[in-house]
Each structure stands twice: as C-alpha cells, then as structure tokens.
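Working notes, structure below.
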Amino acid sequence: MSAAQTPALPSVPLAPVVCPLCQHDQPIPLFSGPDRLQGVPGLFRICRCGNCGLLYQHPRPTPDALDMIYPAEYPPHQADAYQTTQQSIHPDMLKMAQFVGQQHPHARTLLDVGCGSGAFLRVVQQTYPNWQVVGTDPGAGAVAAARQHGLTVHHGMLEQLDLPRQQWDVVTLWHVLEHLSDPVGTLDYIRTQLLAPQGVLFLAVPMADSWDARLFGRDWVGWDLPRHFVIFTHASLQAMTAQSGFQPCAEEQFFTDYFATESLRWRLAATAMPYALRRISIAATYTRPFRLLIQPYIRLAHAYQRTTVLTGAFQRQ
Ligand SMILES: [Zn+2]
C-alpha cells in the first residue's frame, strides 16, 4: 500500500510483556501480522515462550489501547450479534448451553464473563428459565446492547466488580481467556472469589494445535491479532488451568465449518492472484457445493477433536 493510500490512523501503542504463564522473559518470535478482522493499524507479533512454550503476543497493546483494538463495530459487541449476520459464527450456542446443563445439572446461577451483547445469556435464559444469569463485560457498547435485551450485565473488569462471592454454580469464559492480560490471575480470582464450592468453570478457546491452525498457518483466524494476547495448545491450556487450581472434567468440540472456511478466505485474500480471481475464489467459499466439498475434512477434524475451538469444563483440583 502506498503512503498516499495509508489511512491516517495512529498505530496501536505496544509494550513488552513477560510470558503470561511462567513469567519468564524468553520470547522467541514466530511471525508478525496485521489485524485482519477489524483493520486496526499496526503490525503485531506472536512469540513462543522459550521456557514453557506458551504462545503469546509480544509486545502487545497497552491497557489504554483497548478502545482502539475493540472498535465500536467489533461484531460480538453489536446488539444483534449472532442473531443475523453473525449467525454462522456460533450456530452452536444452544449446544454450549446444553453442555453446561449436562455437566452441572444442579446449577441455578451462571455468570458469563466477557458476555458481549449477551447472546449466550439469552440462550441460557430460554433453555433454563429458572436460572439466575448475569454477565460482565469491559466494553460499554456491549453492556448497553446486552441491557437492551433486559439482561443484568455489569460493566467493567471482572476483578473490579462487586459481585456476590463464592455463589456462582457456573462461570463461563467463552472466547475470553485468550483476550486477557493476566489470564492466570483471572482464573485464580474465579476459583477463589466467585465459584461456589461445587461450581464449574466453562471455557472455549481457539487451539493452535488444531488441524485448522496447522493447515492455515498465519492465515488461521484463531490468531485474531491484536485482540488475542495468548493462544493455547492442549498442553498450555492444561498447564495454565492446573496452575490456577483447576482440573478438566469434560471436553467437547462442536461441529462447525466456520473457522476452517474463514481461515481459507483469509488465505485467499492474502494470495498474489489477480484481484478478480481472488474475489471469485472467496465468493465460491460461500456456496453450497464448496461447503459440501470441505465436509470430509471438517468431519475428520471433528472426529479427532482437532477443530479450531475447544470447549472445556473444569472443576477445582
Ligand atoms: Zn512461559
């Protein structure tokens, strides 16, 4: 892109960080990339910790840059998120609610941390009408959108909110842990301050040891730079949850072709082929024949539990 075409937006301020899991300072750079979802200006870098192997963004956006990396049009914060145009991202939200109910049949209270505009909370309300459901989100726009739906949602960072202590049967972190600056601290806080004695933590994260990630490399949507500060593998997720006093009790992957297809679109968009051909190729990924074509891969990855997103339930150790 020429200087004349470059938007006159400031780059996101970045600061070096130590490994969010082991606190060592031995980052090994893997690759750098732009924000391909929201177009936030800048180049962002994924490193591997030379001590524990965690993949994390280094340097990463400073705390006062959050408004820049979560612009007002960030899809999960929209009032109609996952209901209209974003339906394809989470066709499995009902399955997630059912998974929670199956793993904790006696639950009556649920706290959804990073609830966005409250799409999951609404599904839970419909599925379990006698549950008390509450959300939290640091995004003012997301909270306003959730409240439009009549939901009880607290605005702010989790640790700074005055929530009932040790009373939550279920705490959910759907696609949240990878966004946090101190994921170990937040998991600790959930275990010691929020969960009821028999409470269960649920989380969903993109996995860098998924087949999608290996197939698409830096074009994999799971990186979502610069919003993902940490990217997990099965090993690093196990290490982080164990360090925070949790043990896994169930793991699930829901069947969706969204992440593989979207990664392919990113790959096609980044190729050097002529513009028209690129447009046609990307348009083809929205057709039914294409969806049928990739079904064998999706089914195989699902059968081996190696699709992009892992959904897990965790109890105290
Ligand atoms: Zn480390």
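Throughout, read-outs are computed from the coordinates displayed, never taken from laboratory work. This is a predicted model, so every value here is computed, not measured. FYI the Cβ positions are ideal-geometry reconstructions off the backbone, even for glycines, and counts take in every protein chain you see.
Relative to the present Cα-Cα distance, how much length would full extension add between GLN126 and LEU277 at 0.36 nm per residue of separation?
Length difference between fully extended and current span is 49.9 nm.
Would you please give the residues with an amide H less than 5 Å from that of HIS154, counting only those at least 5 places away or on a separate chain, with H modeled from the backbone geometry?
Excluding prolines and chain starts, which carry no amide H, the hits are GLY135, THR136, ASP137.
Can you compute the label reach from LEU292? Point 7 Å from Cα along the Cβ direction, backbone N cut-off under 20 Å, restricted to region 252-272.
Zone members listed by number: 256-258, 261.
Under the definition of Cα pairs under 8 Å and six or more residues apart, what whole-number percent is the relative contact order of the chain? Mind dumping the intermediate values first?
Details: 581 pairs, mean separation 51.5, N = 317.
That works out to 16 percent.
Per 5 Å bin from zero, what fraction in whole % of the C-alpha pairs of region 98-197 is there, up to the bin with the longest pair?
Using 5 Å bins, I get a P(r) of 3, 13, 25, 26, 21, 10, 1 for region 98-197.
Over the alpha-carbon set of region 14-65, work out the extent along each principal axis and list the three values in angstrom, largest first.
Taking the Cα atoms of region 14-65, the three principal extents are 32, 23, 13 Å.
Taking Rh as the Kirkwood radius, which is the inverse of the mean 1/r over Cα pairs, what is the Rg/Rh value for region 110-167?
On the way: Rg = 10.7 Å, Rh = 11.3 Å.
With Rh from the inverse mean 1/r over Cα pairs, Rg/Rh is 0.95.
Once you have the Cα-Cα distance between GLU159 and GLN38, take 0.36 nm times their residue separation minus that, and quote the gain in nm to one decimal. Each step should come with its number before you reach the end.
Details: separation 121, 0.36 × 121 = 43.56 nm, distance 2.74 nm.
The span from GLU159 to GLN38 would gain 40.8 nm if fully extended.
Could you work out [θ]222 nm for the chain from helices alone, using -39500 (n - 2.57) per DSSP H run of at least four and dividing by all its residues? Round to the nearest 500 deg cm²/dmol.
Mean residue ellipticity, 222 nm, calculated: -8000 deg cm²/dmol.
How far apart, in nanometres, would the label points at TYR189 and ALA269 be if each is projected 7 angstrom from Cα along the Cα-to-Cβ direction?
Result for the modelled spin labels: 3.2 nm.
If region 199-317 were replaced by its equivalent ellipsoid, with semi-axes equal to the square roots of 5 times the Cα gyration tensor eigenvalues, what would those be, largest first, whole Å?
One finds semi-axes of 32, 16, 10 Å for region 199-317.
Sticking with the crude label model, points 7 Å out along Cα→Cβ, report the distance from GLN198 to GLN317 in nm, one decimal please.
2.4 nm
Comparing PHE99, PHE31, PHE254, which has the greatest mean-square fluctuation in the GNM of the chain with Cα pairs linked when under 10 Å apart?
PHE31
Considering all alpha-carbon pairs of the chain, what whole percent are spaced by more than 34 angstrom? Mind dumping the intermediate values first?
Values: 10401 of 50086 pairs.
Result: 21 percent of Cα pairs exceed 34 Å.
Considering every Cα-Cα pair within region 96-140, what fraction, in whole percent, is farther apart than 16 Å?
That fraction is 31 percent.
Show me the ranking of peptides 206-216, 114-124 by mean Cβ neighbours inside 10 Å, starting with the highest.
Order by mean packing, descending: 114-124, 206-216.
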